[in-house]
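Working notes for the structure below.
Read the figures in this text as sums done on the coordinates, not as results from a lab. Values in this document were obtained by computation on a predicted structure and should not be read as measured data. Here the Cβ positions follow ideal geometry from the backbone for every residue, glycine too, while neighbour counts run over all protein chains shown.
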Amino acid sequence: MRVIECTHPDEAAELVANDILAALAKKPDLVLGLATGSTPIGIYERLVRAHREDGVDFSRVRTFNLDEYIGLSAEHPQSYRMFMREHLFDGIDLAPEQSRFPPTDDHDLQAACAGFEAAIREAGGIDIQILGIGANGHIGFNEPTSSLASRTRVKTLTDKTLHDNARFYEEGEVQPQLATTMGIGTILDAKRIVLQAFGTKKAQAVRASVEGPISSFCPASALQMHPSVTMYVDPASASMLTMRDYYRRVRENERSLDELGFR
Ligand code: PGA
């Protein structure tokens, strides 16, 4: 796993957005795996700006979101379909039928989840998967103890996740306890994975995912099995890493290799 410690979340957002834009320039029908939450907003802002100011063309891109709540309509302000419209889709030239979310409205959810997996395969697989991480180590809504081989399915959210997200709901408003999420196996099928984690709240999860044993108790630790994961952290989320100096030195050496023209 590559660990890139950025001075500020904005630096990480810039690096990830530039990475996506470079991949898009090479492959106009790029397949993106998308995450919601506060962490990826800076990436989406930059992609929207690239479309508005530089005319970057997203019309052939396909997207698959990681997860969605069961029981919220697409128009509900807390639904992830609404989040994506607000933060990305309304700002770029992507037709609605090119974006898919894990199914939450179908009578036969299991069959619909298999259909979602098939759609990813038919698109040729996810080229770049964007991830955040929960304070409990979840990726998507794969909560601790999720099977490391899991596929898209319905999960019950943990008390920790419900508590962390309660701030988005009005007092008395019903907060969904169920969500459909890509599985850990689904995520690991992506060709490339970029994960961002910022703030002290994430420090323990970052340490467990990068330096801890692979364990379903920290779902993000499964990323150690993937050949191409870059984790972007800030000084606060990096604060518990024991090999922090080493990760910095790796980055410096990568820069030197770049300057010398190596690939
Ligand atoms: P956050 O959520 O980006 O709002 O911190 C991340 C997550 O729970 O996966």
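Remarks
- Alpha-carbon centroid distance for the pair segment 100-174 / segment 1-32, whole angstrom: 23
- Dipole-positive endmost among PRO9, LEU94, PRO219 within the chain (Cβ charges, Cα centre): PRO219
- 19 Å Cα cut-off, lysine pairs counted over the chain (separation 8 or more, or different chains): 4
- Sorted by Cβ density within 10 Å, fewest first, the residues ARG100, ARG52: ARG52, ARG100
- As a rough footprinting exposure proxy, the listed residues LYS27, LYS191, LYS155, LYS202 were ranked by other beta carbons within 10 Å of their own, and the order from fewest upward is LYS27, LYS191, LYS155, LYS202.
- Counting every alpha-carbon pair across the chain, the share separated by more than 22 Å comes to 55%.
- Each stretch of four or more DSSP H residues adds -39500 (n - 2.57); spread over every residue of the chain, this sum gives -10500 deg cm²/dmol at 222 nm.
- Electrostatic dipole magnitude of the chain [Cβ: Lys, Arg +1; Asp, Glu -1; Cα centre; debye, to 20]: 840
- Relative contact order of the chain, pairs being alpha-carbon contacts under 8 Å that are 6 or more residues apart, as %: 24
- Sites count as exposed loop sites when they are GluC sites (Glu not before Pro), lie in a DSSP loop, and have at most 16 other Cβ atoms within 10 angstrom; the longest stretch of the chain without one is 76-169.
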